[in-house]
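None of the figures in this text is laboratory data; all of them are computed from the coordinates on show. The shown structure was predicted, so the numbers you read here are calculated from the model rather than taken from an experiment. Glycine also receives a Cβ, built like all others from the backbone with ideal geometry; neighbour counts cover every protein chain displayed.
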Amino acid sequence: MGHPGRMESGTPDPGARGRAEGLATRIKSLIRAVPDFPIPGIRFRDVMGLVEDADGFRAATVALARRFREAMPEVVVGIEARGFIFGVPVAQELGVGFVPVRKAGKLPGEVRGVDYDLEYGTARVEMQVVAPIGAGTRVLLIDDLVATGGSAAAAIELIRGMGGEVVGAGFVVDLPELPGASRLRGLGVEVFALCGFSAADP
């Protein structure tokens with residue numbers, strides 16, 4: 001399959017931009033805004049409205065897989081918990097396995113962990129040492145939303161610590177007024193989100 005936005009011949013696809021914009025608008029219409037969650041002052045973008053819509057959910061996961069297909073990932077890593085929801089169907093669409101990054105104490109056996117800061121506290125994520133990620137393994141990271149980028153940066157550190165190569169980080173939502181996407185790009189990772197919400201968006 002060709003790179004999204006291009007025809008198989010390599011010539012620009014004039015309709016691709018419009019389709020991407022249409023998909024972004026559709027996805028945004030399905031995502032609910034929840035004020036003062038998880039703490040006062042935070043407007044939470046709830047992607048479960050998208051997941052509840054079968055056609056929208058399918059379109060989102062297929063679009064994420066298509067965006068990174070040419071990077072040839074060998075495994076998809078998803079961050080607990082909504083990264084599981086989107087990461088598993090993306091992995092299936094790509095025909096590769098899925099590895100979870102979980103909160104501390106949730107995985108059996110030997111694990112590696114990384115602590116990180118987020119906008120309303122601190123947390124720790126872990127990955128099993130037996131995960132199929134070794135030297136040179138091409139890994140696609142998937143989560144629902146990128147805000148400050150703390151959990152994604154921690155996951156990238158875990159993947160690289162096991163020898164993996166992060167070929168991209170895909171999200172449903174970017175909050176562009178927060179530094180997450182630029183933070184991940186600063187780590188040398190290609191970042192893509194299906195849509196973005198500014199503070200002015202309802």
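Check Glu74: other-chain or 5+ apart residues with amide H under 5 Å from its amide H, H built from backbone geometry?
Arg138, Val139, Leu140
Report the residue, chosen from Gly18, Gly149, Gly113, that carries the largest GNM mean-square fluctuation when the chain is represented by alpha-carbon nodes joined by springs under 10 Å.
Result for the chain, Cα springs under 10 Å: Gly18 fluctuates most.
Would you please classify the overall shape of segment 25-70 from the alpha carbon gyration tensor, given that a ≥ b ≥ c denote the square roots of the eigenvalues, rounded means a/c under 1.5, and beyond that prolate means a/b larger than b/c while oblate covers the rest?
Prolate, because a/c is 1.5 or more and a/b exceeds b/c.
Where the centre of each part is set by its Cα atoms, how far does segment 91-155 sit from segment 24-44, in angstrom?
23 Å
Enumerate the calculated ³J(HN,Hα) couplings along segment 187-199 in order (Karplus 6.51 cos²θ - 1.76 cosθ + 1.60, θ = phi - 60°), each rounded to whole Hz, writing x wherever the residue is Gly or Pro.
8, x, 10, 6, 10, 9, 10, 6, 7, x, 10, 8, 5
Using θ = phi - 60° and the Karplus relation 6.51 cos²θ - 1.76 cosθ + 1.60, list the HN-Hα couplings for segment 92-99 in order, rounded to whole Hz, with x at every Gly or Pro.
5, 4, 7, x, 10, x, 10, 10
Would you calculate the separation in nanometres between label points at Leu178 and Glu21, each defined as 7 Å from the Cα along the Cα-to-beta-carbon direction?
Label-label distance for Leu178 and Glu21, simple model: 2.7 nm.
In which sequence would Val172, Val34 go, from the one with the fewest C-beta neighbours within 10 Å to the one with the most? Present the calculation step by step, with values, prior to reporting the outcome.
On the way: Val172 28, Val34 12.
Taking fewest neighbouring Cβ atoms as first place, the list is Val34, Val172.
Have a look at Leu94, Gly168, Gly180 and report the one farthest towards the positive end of the charge dipole of segment 84-182, computed about the Cα centre with Cβ charges (Lys/Arg +1, Asp/Glu -1).
Checked the options; the winner is Leu94.
So what is log10(I(q)/I(0)) for segment 16-196 at q = 0.17, 0.19 1/Å, when the Debye sum runs over its Cα atoms only?
-1.08, -1.35
Once the Cα atoms of segment 107-202 are picked out, what are the Rg and Dmax in Å?
Rg then Dmax for segment 107-202, in Å: 13.9, 45.
Which FRET efficiency value, to the nearest 0.05, is calculated for Glu70 and Phe37 with the Förster distance at 30 angstrom and r the Cβ-Cβ distance? Could you put the intermediate results ahead of the total?
Details: r = 37 Å, r/R0 = 1.24.
So the FRET efficiency works out to roughly 0.20.
Whose amide H sits under 5 Å from the amide H of Gly149, counting only residues 5 or more places off or on another chain, with H placed in the peptide plane?
Long-range HN contacts for Gly149: Gly180.
Using modelled backbone amide H atoms (1.01 Å from N, in-plane), which distant-in-sequence or interchain residues come within less than 5 Å of Gly196's amide H?
Sorted by chain and number, the residues that satisfy this are Asp174.
With θ set to phi - 60°, apply the Karplus curve 6.51 cos²θ - 1.76 cosθ + 1.60 along segment 51-61 and write out the HN-Hα couplings as whole Hz, x wherever there is a Gly or Pro.
4, 5, 9, 4, 5, x, 4, 4, 4, 5, 5
About the Cα centre of the chain, how large is the charge dipole given +1 on each Lys and Arg Cβ and -1 on each Asp and Glu Cβ? Please answer in debye to the nearest 20. Could the numbers behind the result be given before it?
Working: 22 positive and 25 negative charges, 33 e Å.
Charge dipole, the chain, about its Cα centre: 160 debye, nearest 20.
Taking other Cβ within 10 Å of each residue's Cβ, how do Asp36, Asp174 sort, fewest first? Walk me through the numbers on the way to the answer.
On the way: Asp36 10, Asp174 20.
Placing the least packed residue first, the sequence is Asp36, Asp174.
Quickly work out the Asp46-to-Ala135 label distance, labels modelled 7 Å from Cα along the C-beta direction, and quote it in nm with one decimal.
4.9 nm
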